[in-house]
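Okay, structure first, notes after.
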Amino acid sequence: MQVIYLSNRPDVLAVTVEALRHAVSEALDVLVITPTATGLSGVTDLIESELLSVAERRSAKAADHGGRNTMLRDLAIRRGPVAEKFLLSDDDYRPLGAIPPDFWQRSGRLRNYVSHDLARWRRLNTSYDGTQLNTWLALAQWDCPHLGYGSHLPQMMVRDHWIEAFDAWGRLSAATAEAGSPMGWQVDEWSLPLNWGRHVHPADYHDAEPHHTLCWPQFPWEWSRDYRAPRYDFENFYPEHYRPGGLFEGLPQAAPSDPGAAAATAFEKARRWHELERSMVDLRVPDGLITPWTHSAPRRTALKGLRLAKSVRSWTGLAASGRDEDLTEDLRP
């Protein structure tokens, strides 16, 4: 089974690759899109400067983070030694334990995992939010479904379907550029090919399933989720969670090799994340825990003010029945 990573953090990548090797029963063929050689054994480096022409390197340098990543992945998949079916992943998508053999394919058809509907995604003025918007509009124009597959776990892709989808995007992007609104690579590289594939080649795919990712979002209530995970098989890894005051302080950064210890560790991580989710309904954060809302004195003061406002709202009977959490549903740092 082939897996393609994009990484400029060889130390993080090394732990993630080893964790995935231990979690799956198949041998892994690991490709890494990277600015410099990783130095990792058993890994094929796809060096960015060797993948891109001089003009493409200039374009990549001018692009924002998301656009650059999409460009690198697309060109690597077209030009690299990529299998017909492959896993697309990032260096921080870590398994929490053994992954079932049919997690990505069942009866020859792909299984993929979603976290939101692109049409319902928030409309903030960030590059990522703009990418979600562009992807939804393009897919809707092509009468494709528009689910969000950027679920922070490895996703199985079909190379030919990827190329079809990005060729279609290239034509649309070129047309908008002629109209004075160049979009370039501002598109979600997870959602574009997987929605396209399900629309054009439905026999190759199962219906989309809710994601299985812990820490997506990183903290509860950072945004509303359309799909809640039925269980957790992967962690969206954040090093800061393991530092003093972090959400997972004292816990292993990768799943222990012993299955019982791995299960216990995964349970404790999920418990801590959901305990924070519960406490944030009342706009409270456990003492000593560092979060986007408590890492500085002004933010702690602001959170206290929101908590007071929520209490007043509740006391005056303004809170709709069963919706006391409204103030926290999109509590963005």
Of LEU194, LEU87, GLY108, farthest towards positive along the dipole that unit charges on Lys, Arg, Asp, Glu beta carbons give the range 2-213: LEU194
0 to 90° range, to nearest 10: angle between helix 297-315 axis and the chain longest Cα axis: 60
Per-residue ³J(HN,Hα) for the range 207-221, Karplus 6.51 cos²θ - 1.76 cosθ + 1.60, θ = phi - 60°, Hz, x for Gly and Pro: 4, 4, 10, x, 5, 10, 10, 7, 6, 10, x, 4, 10, x, 6
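Could you put TYR5, TYR242 in order, starting from the residue whose Cβ has the fewest other Cβ atoms within 10 Å? Mind dumping the intermediate values first?
Working: TYR5 24, TYR242 15.
Ascending Cβ contact count within 10 Å gives the list TYR242, TYR5.
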Sequence-distant residues sharing a close amide H with LEU147 (under 5 Å, placed H): LEU118
For the chain, size of Cβ-based charge dipole, Lys and Arg +1, Asp and Glu -1, in debye: 880
Whole-angstrom gap from the range 284-299 to the range 153-168, using each part's C-alpha centre: 40
Extension gain, SER49 back to ARG231 (0.36 nm per residue minus Cα-Cα distance, nm): 61.5 nm
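Taking the Cβ of PRO145 as the center, what net charge do the other residues with Cβ under 12 Å away carry, scoring Lys and Arg +1 and Asp and Glu -1? Spell out each step's value before the answer.
On the way: positive: ARG198; negative: ASP117, ASP143, ASP207.
Taking every other residue near PRO145 into account, the sum is -2.
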Dipole of the chain [Lys/Arg +1, Asp/Glu -1 at C-beta], most positive-end residue of LEU124, LEU75, ALA309: ALA309
Inter-probe distance in nm under a simple model that places probes 7 Å from Cα toward Cβ, at ASP129 and ARG299: 1.8
Local electrostatic count at ALA27 - Lys and Arg +1, Asp and Glu -1, tallied over other residues with Cβ under 14 Å: -2
Selection from ILE290, PHE267, SER257 lying farthest towards where the dipole of the range 223-306 points positive, charges on Cβ: ILE290
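To make sure I understand, if each residue's beta carbon is the centre and we count other beta carbons within 10 Å, what order do GLU268, GLU189 fall in, fewest to most?
Values: GLU268 14, GLU189 29.
So the residues, fewest neighbours to most, are GLU268, GLU189.
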Burial ordering of THR176, THR126, THR135, THR291, fewest other beta-carbon atoms within 10 Å first: THR126, THR176, THR291, THR135
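Within the set of other residues whose C-beta is less than 13 Å from the C-beta of TYR227, count the net charge using Lys and Arg as +1 and Asp and Glu as -1. Before the final figure, lay out the partial values.
Details: positive: ARG120, ARG225, ARG228, ARG231; negative: ASP117, ASP207, GLU209, ASP226.
Residues close to TYR227 contribute a combined charge of 0.
What is the dipole size for the range 45-111, taken about its Cα centre, with +1 at each Lys and Arg Cβ and -1 at each Asp and Glu Cβ, in debye to the nearest 20? Mind showing how you got there, number by number?
Numbers: 12 positive and 11 negative charges, 54 e Å.
Once rounded to the nearest 20, the dipole reads 260 debye.
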C-alpha long axis of helix 191-200 to longest principal axis of the chain, angle in °: 60
Degrees, to the nearest 10: 10-23 long Cα axis against longest axis of the chain: 90
DSSP-defined antiparallel bridges as percent of all bridges, the range 2-213, nearest 5: 30
Structure-derived Rg/Rh (Cα atoms, Kirkwood Rh): which label, when the choices are (1) 1.00; (2) 1.26; (3) 0.98: (3)
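Each value in this text was obtained by applying a stated rule to the coordinates, not by laboratory testing. Keep in mind it's a predicted model, so treat the numbers as computed, not measured. Because the Cβ atoms are built from the backbone with ideal geometry, glycine has one as well, and the counts that use them run over all protein chains shown.
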